[in-house]
Structure formats: structure tokens, C-alpha cells
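Below is one structure, written out as C-alpha cells, with a few remarks after it.
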Amino acid sequence: MTGDDPLEESESGESTTAEPRTDGGAAGADDVALDPWGSSSVSDYRKLFEEFGIEEFDEVLEEVPNPHYLMRRGVIFGHRDYRPVAEALQNDEPAAVLSGFMPTGDPHIGHKLVFDEIIWHQQQGADAYGLIADLEANSARGMSWEEIDEHARDYLLSLLALGFDPEEGELYRQSENRELQDLAFELGADANFSEFQAIYGFDGETDVSHMQSVVTQMADILYPQLEEPKPTVIPVGPDQDPHVRLARDLAERMRFFKVTEAYASFELEDEERALVAAFYERLEPEAFDDDTLRCVHVAEALEETPLSELDVDASVLDSVLTKLEEGGMEPLRPRTRFFDRRATEEAFDALVETIDGEKRVYESHVDAFELDRGEAEELAREIEVDNGGYGFRPPSSIYHRFMTGLTGGKMSSSIPASHISLLDDPEDGYDKVKAASTGGRETAEEHREKGGKADECPVYELYAYLLAGDDDEFAKRVYDECTSGERLCGDCKEQAAQLMREFLEEHQEKREEVEDLLAETDIELESPRRR
Ligand code: TRP
């Protein structure tokens, strides 16, 4: 969070970061398992960092040009590898954003978060993609093609109404995208059932189409890079993280070469390499015969150093010693290594040819002595792309919090009172907000005295996630007035309800206005499938 963020000094209770914030940290009570087809709520966002290795969004916030209010308010709370995307946006370099929607019901205000995220990235210069996951809706949710068509149209109209530019971006449905399906087939050759079992809990009863919808989603995620590799962000809820991880894995598996760093002809694991690197820096070659530092020298130096000073497990030390002793008199020299993973012979030869400076060629790897890691990565990608490979970058992701249901608990498409559909009659929207539960105290007196619990209030959440829009000062004022006891729930809900009514009126007007725009796009609105 930046220092001048007006939301920063507020007093929220349980935040996942050291800094307090006004994002209405409320969330439904549920388990932390990430299941793309299960119930979407997360009770403890901290676990996502600790157990799943999602990173805190705050740590990249400063690198993001003109961050969206959902980023500033911590609604977008986590990411994987978002830095390359932020950097590309900053430097006007190619980047892409893609997300997908399962057309199983009406688009609601939770989906609006994702629409906004796509549109914001598009406005920052990224190539933008919005897709209708109709194969997934059919296979994983049993939706008929008729239902799918109806809902697909509604998602697309809302996406366009909120500002997606179809001239600059691409909309597609999975079932109609041949290139996508070819890519899915190809990726499927690099994934197997055991893996699906481990990641998604699939078993012998899982139908094959469901598995196919997984490889299709993998293809969706990599689709923006078909023309050229580029940093790509996938904005989703954290329930989709298993998909993101698998896609990052598959992207890597498709690469022709793997670039690593080495010190001699043999391989080192990361911790072993760090150890060798430290001694390489420390030992002076002049101290040895013919001014050459050799494997045995490092082995000897390591043996003379107490384990307590090395900061590694005994097993790591053991293994590195064995390797160094076997290396014997081989000189120790840092180098960048290109492993041949699945390169064609032409690609391997082209790589060898292109490496500048001293190099050594082996059966299935090449060592380059005058290239740093970054240069080597770039070269590997270039050669791959020139020789018919994809050169995929691992896709990045950002994660937003799930909204709390208006009635408490989780917001669910199947409980109408818990959410506000973007298609709700504006009066119904007004009524739902008026009927929502709040973080207010038992009595007005107590509320004035102790202040409201904005962090547990679905109505405050509406302000922060939607109604306050880009106006941080307004969001903060609502928060401060609530927690100081000045703002009572009745008035607060009245204001929110009115704003919601206005939002829905405006949004629905815009939906009508973009009907023509939708008709002009290439996306198929009626599936030829009916069974
Ligand atoms: N599985 C997503 C959902 O349940 C939909 C989806 C399909 C998707 N392909 C995608 C999301 C690619 C992000 C990126 O809603």
C-alpha cells in the first residue's frame, strides 16, 4: 500500500497484512481447500499465503501504474508472479489479460470484479480476452446448450457495458475456438490422470469430458501467448488457483530448453549451488596451483568449515561433497546451462550456433561461459520461437476476495437474496440492500458508543467493492463514520440502496446500448449444439 493511500490509517481488525485496511475482511465460514468446482468461499486468506504460496498483492502494488481501486483497497489481495505484468504495463511492452466465465446463471456483482479487472488491464494497454467456458459449463455443471447460450449473452453484454473494447480485445467461446482446442489437445499430451487425481481429486468415476474441460482451461490460459510469448495475467477467485498452478507447470513443460546455472560439468540442486557459489566467491584462485580453483579445493574448504556455519542440512553438504570429490581436478567455473528438454535437432543446433563467446557442447546440454542467466533465458525463448515452439512464459494470476452474501454467509448464485444480479430490477436491488444484514450493534445507543463493525459488514463491503467506485475518500469516510459510531445502519443502508439502484439502472441502460456492439463481434451467440 502506498504511503498516501487514504485508506491506510483506518482501524480494521484482522487483516492478513501488517497494515490495517478497510476492505471489509468478512468472508464466509468454510474450509480452505481450493476446489474449482466446490463452494467458493475462503475463511482464512492467510492460509492461502502459507499453504499455497500465493503472494500478497501489497508487495507488488507499488510497481503497478495507476492501480485500480480494487488493488488499492486490498480486494485484490494476492497474486502469483504478477511482477512481469506490472513491469510490461509500466514500460508499454506487450502484455495480456484473460479470464473466463462459466455461463451457469446470471452475472452478478461478484463477476463484476473480474469484468473490471479485465477492462482495467485493457485500458492499461494489455491485450484483453474474455471467454465463455461453455464446454466446462456443459461437462462440469450439466448445463444445456440452450441455457448456456442465454447466460453467455448476458455475461458478454455486461462485460461490454462495463467498458470492454471488442475492437482491441477478443471474445470467444470454448466450443467454437478451433485453435484453442488444438492447443488443449497438445497440452493434454503432457498431463496425465494421476496428476488430475492429485490436483482435483478426480477418480475413476470422473467423466472424460470434465477432464477435457480442464485441458481446455489450460489452453485458455495460454491462448494469449499463441502469437507471441508475453506476460499474461489471469484475474480469478482463489478457487481457480489449482488451474493456475497446473497451467504454469504445463507452460514450463512445453519449453524446448531449461536454463540453469552450473559450476562444473555436473548438476547441482539449488541449495547445493548456493553453497558452491558462496565458496567460489570466497576462495582466491591465486591460492592454488596454476591459479586455478578446482572442485577438490572447494571440497576441502567445505570439509574444514563447521556445519553450523554453513546454514544447510547435513544431507545437502554430503551430497555436494560427493559431487565435488567426483569432479576432482575439474576447474570450477560459473556458467549458464541450456538443457535440451524437447528441442528439435535444428533448434539445438541453432542454439549452439547463436551462443556468443566460449561454450561447451554436450550430448543434451550446452554450457555458455559468457552469458548471464537473463540473457540466456531470452536467447532460449527466441530460438524456441524461431524454431516452431511456443516459448510460453508462465502465466501470472491475481486473486480477489469473495464477496460476503448480503444475508451473511457466502454470496451464492443459487441464493437470490444473497447476491445482486446485474440483471436484477433496480428496485429489487434497492430492496435487497435494505434487507441486508450489517455489522451494526444491537441498539443505536450501543452503536454510537462502540461504533459499527465495518469489517464484518456486507453493506460496507458493497461500498468498498462497488458503490464507492474510484472514490477512496468516500469509501474511507463511510468506514470512519461507521466505526466511530456516527453513521447508523438505517441511513447507511438507505444510501447504499440508492446507489445500488442507480448503478443497476445505469448498467442496464448501457447493456441495451451495447447490443449492437455485441452483434458486431465475431463471437457465436448461438451454439449449433442442442443435445
Ligand atoms: N473455470 C472457470 C470458472 O469456474 C472458468 C474458466 C474457464 C476460466 N477458462 C478459464 C477462468 C480461463 C480463468 C481463465 O468460472
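Tabulated data for the structure shown
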{"item": "Whole-number accessible area per residue in Å² for the range 357-492, which is evaluated in the context of all protein chains at 1.4 Å", "result": "45"}
{"item": "Under 24 Å from residue 450, Cα to Cα: lysines that are on another chain or at least 8 residues apart", "result": "434, 476, 493"}
{"item": "Top positive-direction residue, dipole computed over the chain with Cβ charges, set 299, 113, 497", "result": "497"}
{"item": "For peptides 163-175, 199-211, sequence by mean Cβ density within 10 Å, most packed first", "result": "163-175, 199-211"}
{"item": "Listed peptides 383-392, 238-247 by packing density, highest first (mean Cβ within 10 Å)", "result": "238-247, 383-392"}
{"item": "Electrostatic dipole magnitude of the range 98-190 [Cβ: Lys, Arg +1; Asp, Glu -1; Cα centre; debye, to 20]", "result": "260"}
{"item": "Efficiency of FRET from Cβ geometry, residue 186 and residue 296, R₀ 35 Å, rounded to 0.05", "result": "0.15"}
{"item": "Estimated 222 nm signal from helices in the chain, with DSSP H stretches of n ≥ 4 weighted -39500 (n - 2.57), rounded to 500", "result": "-13500 deg cm²/dmol"}
{"item": "Portion, in percent, of the accessible area of the chain that falls on carbon or sulfur, probe 1.4 Å", "result": "43"}
{"item": "Taking the convex hull of Cα positions in the range 398-459, its mean projected area over all directions (nm²)", "result": "5.5"}
{"item": "Dipole magnitude of the range 144-260 about its Cα centre (Cβ charges: Lys, Arg +1; Asp, Glu -1), debye to nearest 20", "result": "620"}
{"item": "Which of 210, 525, 414, positive extreme of dipole for the chain (C-beta unit charges)", "result": "414"}
{"item": "Estimated dipole of the chain in Debye, rounded to 20 [Cβ of Lys and Arg +1, of Asp and Glu -1, Cα centre]", "result": "1480"}
{"item": "Accessible surface, the range 177-298, averaged per residue in Å² (probe 1.4 Å)", "result": "44"}
{"item": "Pairwise FRET efficiency - residue 146 versus residue 207, Cβ, R0 = 22 Å, nearest 0.05", "result": "0.60"}
{"item": "Cleavage-rule hits (GluC sites (Glu not before Pro)) in the range 438-528: DSSP loop, at most 10 neighbouring Cβ within 10 angstrom", "result": "442"}
{"item": "Paramagnetic reach from residue 505 in the range 107-122 [backbone N under 17 Å; point 7 Å along Cα→Cβ]", "result": "none"}
{"item": "Hull volume in cubic angstrom per residue (convex hull over the Cα atoms of the chain)", "result": "183"}
{"item": "Cα pair count fraction exceeding 18 Å, expressed as % - the range 404-531", "result": "59"}
{"item": "Sites matching chymotrypsin sites (Phe, Trp or Tyr not before Pro) across the range 236-307 that sit in DSSP coil, with at most 16 neighbouring C-beta atoms within 10 Å", "result": "266, 288"}
{"item": "Sparse-neighbour loop sites [chymotrypsin sites (Phe, Trp or Tyr not before Pro); the range 319-381; at most 15 other C-beta within 10 Å; DSSP]", "result": "362, 369"}
{"item": "Distance in nm between pseudo-label sites at residue 529 and residue 360 (7 Å out along the Cβ direction from Cα)", "result": "5.5"}
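The values are calculated or read from the model by the stated rules, or taken from the named source; none is laboratory data. Only a predicted model underlies this, so the values are computations on that prediction, with no experimental measurement involved. Positions of Cβ are backbone-derived with ideal geometry, glycine not excepted, and every protein chain shown enters the neighbour counts. Protein only, heavy atoms only, side chains kept; ligands, DNA and RNA dropped before computing areas. Shrake-Rupley method; radii C 1.70, N 1.55, O 1.52, S 1.80 Å.
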